[in-house]
Amino acid sequence: MEDFEYLKPTTTAEAVNMLAQHSGEARAIAGGQSLIPMLRARLVGPAYLIGLEAIPDLARIQAVDGSLRIGAMATHLEVATSALVRQRASILAEAEGLVGSPAVRNLGTLGGNLCHNEVGADPPPPLLALGATAVIAGPGGDRKLPLEQFFTGFLETALAEDEILAYVDIPAQPPGLASAYVKYRLRAVDRSIVGVAVALAIEGGVCREAKVALGGVGPVPFRSRGAEAVLSGNHPDERTIEQAAGAAMAEARPMSDAHASADYRRKMVAVFTRRALKHALGMG
Amino acid sequence: MPEYKVIGRPALRVDAAEKATGKAVYTQDVKLPGLLYAKVLRSPYPHARILRVDTSVAERMPGVKAVLTIRDVPQHRTGLMLQDHYIFAKDKVRHVGDEIAAVAAVDEETAQKAVEAIEVDYEELPSVFDVEEAMREGAPVIHEDLPSYDMGPGHQYPHTMKGGTNICGLYKLRKGDVDKGFQGADYVFEDTFKVHTFYHGYIEPHACTASYDPTSGKVTVWTSTQRPFMARAYLSKTFNLPMTKVRVVGTRVGGGFGGKTRPRHERFPVALSMKTGRPVNMVMTRDEDIAAYCSPAAVVKLKMGVKADGAIVALAMDMIWDTGGYGESIHYSRGPIEALPGPYDIPNVKIDSYAVYTNKMPAYSYRGRIMPQPTFAVESALDIISERLGLDPVEVRMKNLFQEGSINAAGQALHSVGARDCLQKVAQAIGWGRAPGPNRGISVVSYHKYPPTQASSAVVRLNEDGTVQLICGAPEIGQGTQTALSMICAEELGVPLEDVSMPIYDTDHTPFEAGAIGDRITTCAGNAIRIAAADARAQALAIAANMLKVNKEDLTVEDGRILVRDAPEMWTTLPRVCAAAHTRLGGPIVGRGSYLGNDSMLEMDAETGQMGGVSRSWKYGAQAAEVEVDPQTGEVKVLKVVCAQDVGKAINPLIIEGQMDGAVLMGLGLSLWEETAFDEGKVANPNFMDYRLPTAMEGVSLEHIIVEHASPDGPFGAKGAGEQSTVPTAAVMANAIYNAVGVRIKDLPLTAEKVLSALGQQRAQSAGRI
Amino acid sequence: MATRQQVQLNVNGEVYDLEVPPKRLLLDVLRDDLGLTGARRGCEDGFCGACTVLLDGKAVHSCSVLAVRAAGHQVLTIEGLAQNGKLHPIQEAFIQHGAIQCGYCTPGMILAARALLDVNPHPMEQDVRWGLTGNLCRCTGYVKIVEAVLAAASGQ
Ligand SMILES: Cc1cc2nc3c(=O)[nH]c(=O)nc-3n(C[C@H](O)[C@H](O)[C@H](O)COP(=O)(O)OP(=O)(O)OC[C@H]3O[C@@H](n4cnc5c(N)ncnc54)[C@H](O)[C@@H]3O)c2cc1C
Ligand code: FES
Ligand code: FES
């Protein structure tokens, strides 16, 4: 590990200033669960680490103007067990409860997970399916970005060097929301081979609006517009579900890695999209 | 049945409390003043000539105390099994990870940076990774000097080596006439099975600290090893030091499973300490460890002929072991080769077993050693054959299994054979014969394992107060050695377990012990200890007889009291006898015992592998499982495992259950999830994220069945118990998957992906038929 | 030499004032500076859990925590679990149920179990298995470990 200085700002503005001041040489650290192994492997070697743990505002989970605001520093455990999250965004709570192992959930944060943007991460699909927005703090103040645009490429995000992710906002969900998150992996602790989140607004047996989001099967988590189109305005019966699963599979751009080949991942997209939809709709 | 006071009971482990409180000392916990830290430069190429090594920049770096290459150390070949490597690569590297240089520095990071500053020019050579390709004519030759190599101090068998090829070991077995056997068969099955490479997965990575004292010329070594005396033998040979100048001091060992049977990395801290005169520590990082230790991959070409009633009449097998770049697993070709057909009475057998170099990392022994790979093939074949003949696979096994007096493939007579007993019990426990439901499958498999060999010795000292020092070089690597051996000693002496203390080994103070391999500690060390304890007991009784003025033949020991038979009023105690021995009668009591796990293989015929005579006792077992396969994902869920082992006599059933638990999950791991993956000879998944050791969520509870067909050659009938239950698990899984969804997979591992793709082919085929 | 930072660590109820480089891992401080070697080095990748300690009562992998980050928090290592020479009931259960083999995973496993039972004093078998997924054991197949934790929970 290269040497660095550890700075501990107490406000978001201070943190952003530090990043700006040492631009190119500084990096935020949240729970350190992804960053510390990277530092050890000398994949990154910043001269300054900006520890965000002393900024109380970033760890808060709160209701703000009808939407749910989760601070980037809320840990996986805190998000998974928060009554507010369970009530308003239950599939996010479920996904957070499936992240890694207890030790990872105890220190790792939602923000750190999103900023790391690793293939197979669990929180992104439910957040995308719930239409979440990233609130980014920078030298010029806050900016908001639909979460979909936050993930820009393999291990890359839309954050500039002097920006931090401050919160994630989840809008109020329509009544009659049918949602589910399913994760497929080989061992309990693994990242997902495929993770599928679905959020369906059902009115009179018809799917008024559908969001289907996938993780693990492309360089970035994404919404399957094809599957959503199949479902929207339709009665979600077996046939529709089958078509939606097929559409999701067609959109996946998976890569091969130590856990699964691209081909297998693609097949699993169909299986788990189907399972997620059925689960959400109470069809077994 | 004799009444035992100590053995046969689930005594708690003597080492548990220090481990539960964190006080146990492992190699990494040994801290010495002035300690330096070592890192090693490894080849990035699988096969290349070394043109130039420049260490000058590394040497000048602050904090660096020594940089060594082949120029700085003894330049002769060495090796525990086959002397085919140098301390550092000379002229050529033969696998990714081959060691070229080592650095000692004030801390690990400085050492690592210095390693990275060493410049090497290579000329890449053509390489070969597939073991069958490596056998072919015209394959790149990895060791040009092959036929001239000598065996190492850890391997007493001669080997056939073919110069100009990559075949570094070939053993043959011929029994009966296989051609005739096949002619007389009603059905002949022939196929090829492949077993992948896997990793031992001990949680403590390899670590070693060496401290050389220039004044005395002696090096002291702490190392995470299963075989301290082999480490000493290797280091003594490698550095031209007499054994009096190499001392291996014991610590706790955080698991081994075969991966800590060969000294390998010890040579670097030793060389660096000899150079600097300071103690040097080297701890393998996990990625280094995963890329340095693995099991040998194997190809099994199998041909089996059976009668319509299921009687096996002929077996031909080509067994090909992939040793990787160096031959520390050439002994796999030796076998014992007669173990390969499984526990079946087969009149005609022909086996060729090859050890073959490839440009992958060197392979090492693995729990169960040569057994899991052929067992996967033979037991898969038996299920396939049974189905084709419309026979019940359990009955087919029962029909062919060894029984008392059967003659094995090497012509040896067998005794204390618990094979049928194990199979029957397991079949009953899993509910063999019931229909398990959709996508569920059941399978039942038999197996055996050969007798342990090699030398052990022990000293039993009685203290002045009658307590006991058990001095034995057997390392405790988690398998319960210290407890089981102390129990054997206590039983033989007639004292309670808590009166026996067995300190951790030290090659300077404990007598020779070949090490923790092949289930040999309980049997071989156990025998030595029993002999030593009996010796001490006889000495104590002689003194007691003198004190009580009776014949020593009339004395017995019970719970530390020495009683006169038929005269209950006359007695003394072991403490009194010991006190007397130390002051006025006879002198301190020291019992000694030596045992040689006699190796009839040394007399076997080179062309036929035949030995004849009576074998020492083999171990037998059976295992069954029920699985459920998800037909959409190919995922295999293990619902139940039943595990029977014929252990001869269970010295401590609690410890044996623990061995079964660990062995089965290890077997499930390497069947279903684990694989050391290679990309052009380089390990592609060297971390626990990607090398999928099972977690508690993948674990299963199992039903243990301990079967006891007492062995005449183990202590109190014991046969040993640590490795067996890993042997059959891959076959159990493959057969259960077939039983569940009808797909037969012949190359391990049985990943979800592979199962799904086989299901896809099956669907395509049946669609094609319609 | 890199800058060093003052940190005050509270480990097993004792306060230590240390000066460490900011990059120093909690695991290394515990093992090398404080001599608390019960926290074991197994992978340093945040996976195996041999290095598990409790930070404010929660299980963490001390190889993935900077010492500066632990400052001001309560650290509990295996050495601090027994009270007045009396083993903690989980330690006792591990010994009684044969849940210890090579022992390398044991300290981390026991601490993870302690954190689990603090939150869920009456777990089912699956809860125990799920709660121990951050701790690998190669020796025991987890069978007797799970038994021991369940037994400790039921006060046996
Ligand atoms: C053993 C193991 C298993 C895992 N399994 C899973 C799994 O199953 N599913 C899953 O989803 N994840 C898994 N993870 C990853 C886990 O979710 C990590 O906790 C997460 O990716 C990182 O969170 P962190 O708070 O520790 O971030 P850190 O490691 O501190 O930071 C990660 C990156 O994000 C940056 N960063 C962090 N916070 C901010 C911020 N607010 N603003 C700007 N940049 C920031 C850092 O600079 C760094 O580049 C696993 C990790 C481990 C070690
Ligand atoms: S050493 Fe920390 S998790 Fe393995
Ligand atoms: S007891 Fe050896 S790793 Fe758990």
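Summary table
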item	result
Answer from A:SER192, A:SER179 - the residue that is within 14 Å of chain B (Cβ to nearest Cβ) and either polar (S, T, N, Q) or open to solvent by 40 Å² or more (accessible area, probe 1.4 Å) (or both)	A:SER192
Matching residues in the stretch A:243-270 - criterion: being free of Cβ contacts under 8 Å to residues at least 24 places away in the same chain and more than 12 Å from chain B (Cβ to nearest Cβ)	A:GLN243, A:ALA247
Hey, B:SER443 assigned by TED's automatic domain parsing to the domain that holds B:GLY722, polar (S, T, N, Q), in contact (Cβ under 8 Å) with a residue 40 or more places away in the chain and touching a strand residue (DSSP E or B) at 6+ places or on another chain (Cβ under 8 Å) or not	yes
Pair list, Cβ under 8 Å, 6 or more apart: the stretch C:40-62 residue farther than 11 Å from C:TYR104 by Cα and in the same structural domain as C:LEU117 (by TED's automatic domain parsing), other residue open to solvent by 10 Å² or more (accessible area, probe 1.4 Å) and away from ligand 3 (no atom under 16 Å from the Cβ)	none
Selection from the stretch A:44-60 of residues that are open to solvent by 40 Å² or more (accessible area, probe 1.4 Å) and within 16 Å of A:LEU110 (Cα to Cα)	A:GLU53, A:PRO56, A:ASP57, A:ALA59, A:ARG60
Conditions (1) under 30 Å from B:PHE512 (Cα atoms); (2) surrounded by fewer than 20 Cβ atoms within 10 Å (Cβ to Cβ); (3) among the polar types (S, T, N, Q): number failed by B:SER211	(2)
Residue count, the stretch C:38-77 (criterion: more than 19 Å from C:CYS137 (Cβ to Cβ) and within 16 Å of ligand 3 (Cβ to nearest atom))	0
Pairs, first farther than 16 Å from A:ARG86 by Cα and within 16 Å of ligand 1 (Cβ to nearest atom) in the stretch A:51-73, second assigned to a helix (DSSP H, G or I) and of a type in the set (Val, Ile, Thr), C-beta under 8 Å, six or more apart	A:GLY51/C:VAL68; A:ILE55/A:THR12; A:ASP57/A:THR12; A:LEU58/A:THR12
A:PHE150 being among the aromatic types (Phe, Trp, Tyr), under 26 Å from C:VAL65 (Cα atoms) and more than 14 Å from chain C (Cβ to nearest Cβ)	no
Residues located in the stretch B:589-608, provided they are among the charged types (D, E, K, R), at pLDDT 80 or above and surrounded by 14 or more Cβ atoms within 10 Å (Cβ to Cβ)	B:ARG592, B:ASP605
In the stretch A:83-110, the residues that are of a type in the set (Ser, Thr, Tyr), more than 22 Å from A:GLY51 (Cβ to Cβ) and crowded, with 20+ Cβ neighbours inside 10 Å	A:SER101
Enumeration of residues in the stretch C:115-156 that are within 10 Å of chain A (Cβ to nearest Cβ) and among the aliphatic types (A, V, I, L, M)	C:ALA115, C:LEU116, C:VAL119, C:LEU132, C:LEU136
Selection from the stretch A:19-40 of residues that are out of contact with any Gly (no Cβ under 6 Å at 6 or more places or on another chain), in a loop (DSSP other than H, G, I, E, B) and crowded, with 18+ Cβ neighbours inside 10 Å	A:HIS22, A:GLY32, A:SER34
Subset tally (residues that are among the charged types (D, E, K, R) and touching a helix residue (DSSP H, G or I) at 6+ places or on another chain (Cβ under 7 Å)) for the stretch B:163-187	0
Tabulated pairs, the stretch B:525-536, first outside any helix (DSSP H, G or I), second open to solvent by 10 Å² or more (accessible area, probe 1.4 Å), C-beta under 6 angstrom, 6+ apart or interchain	none
Residue check, B:VAL396 surrounded by fewer than 24 Cβ atoms within 10 Å (Cβ to Cβ) and modelled with pLDDT of 95 or more	yes
Neighbours by Cβ (under 9 Å, 6+ apart or cross-chain): first from the stretch B:553-566, within 18 Å of B:VAL468 (Cα to Cα); second among the aromatic types (Phe, Trp, Tyr)	B:ARG561/B:TRP571; B:ILE562/B:TRP571
Residue within the stretch A:64-71 that is open to solvent by 50 Å² or more (accessible area, probe 1.4 Å), modelled with pLDDT under 95, closer than 20 Å to A:VAL135 by Cα and assigned to a loop (DSSP other than H, G, I, E, B) present	yes
Test: residue in the stretch B:728-736 that is outside any loop (DSSP other than H, G, I, E, B), modelled with pLDDT of 95 or more and within 14 Å of chain C (Cβ to nearest Cβ)	yes
One residue from B:PRO62, B:PRO46, B:PRO10 being at negative phi, within 14 Å of another protein chain (Cβ to nearest Cβ) and within 30 Å of the chain's Cα centre (by Cα)	B:PRO10
Hey, C:ALA59 crowded, with 24+ Cβ neighbours inside 10 Å, within 8 Å of the chain's Cα centre (by Cα) and assigned to a loop (DSSP other than H, G, I, E, B) or not	no
Filter result for the condition that a residue is in contact with a helix residue (DSSP H, G or I) (Cβ under 9 Å, 6 or more places away or on another chain), farther than 23 Å from B:MET81 by Cα and open to solvent by less than 10 Å² (accessible area, probe 1.4 Å), over B:MET319, B:MET304	B:MET304
Scope the stretch A:271-284; condition more than 9 Å from chain B (Cβ to nearest Cβ) and part of a helix (DSSP H, G or I); matching residues	A:THR273, A:ALA276, A:LEU277, A:LYS278, A:HIS279, A:ALA280
Checklist (1) within 16 Å of ligand 2 (Cβ to nearest atom); (2) within 11 Å of chain B (Cβ to nearest Cβ); (3) not aliphatic (A, V, I, L, M) applied to C:GLY35, failing item	(1)
Subset of the stretch A:117-140 (residues that are over 22 Å from A:VAL85 (Cα atoms), in contact with a helix residue (DSSP H, G or I) (Cβ under 9 Å, 6 or more places away or on another chain) and not aliphatic (A, V, I, L, M))	A:GLY138, A:PRO139
Subset of the stretch C:62-93 that is open to solvent by less than 10 Å² (accessible area, probe 1.4 Å) and closer than 17 Å to A:GLN33 by Cβ - its residue that is nearest to ligand 1 (Cβ to nearest atom)	C:SER64
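Yes or no, residue by residue, for (1) farther than 25 Å from C:GLY98 by Cα; (2) buried (at least 24 other Cβ atoms within 10 Å of the Cβ); (3) aromatic (Phe, Trp, Tyr):
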| residue | (1), (2), (3) |
| --- | --- |
| B:ALA413 | yes, no, no |
| B:LEU423 | yes, yes, no |
| B:SER443 | yes, yes, no |
| B:ARG461 | yes, no, no |
| B:LEU470 | no, yes, no |
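The values are calculated or read from the model by the stated rules, or taken from the named source; none is laboratory data. Bear in mind the structure is a predicted one, so any value in this text is a computation, not a measurement. A quick note on method: Cβ atoms are made from the backbone with ideal geometry, for glycine too, and the neighbour counts reach across all protein chains shown. All accessible areas refer to the heavy atoms of the entire protein, side chains included, with ligands and DNA or RNA removed. Shrake-Rupley method; radii C 1.70, N 1.55, O 1.52, S 1.80 Å.
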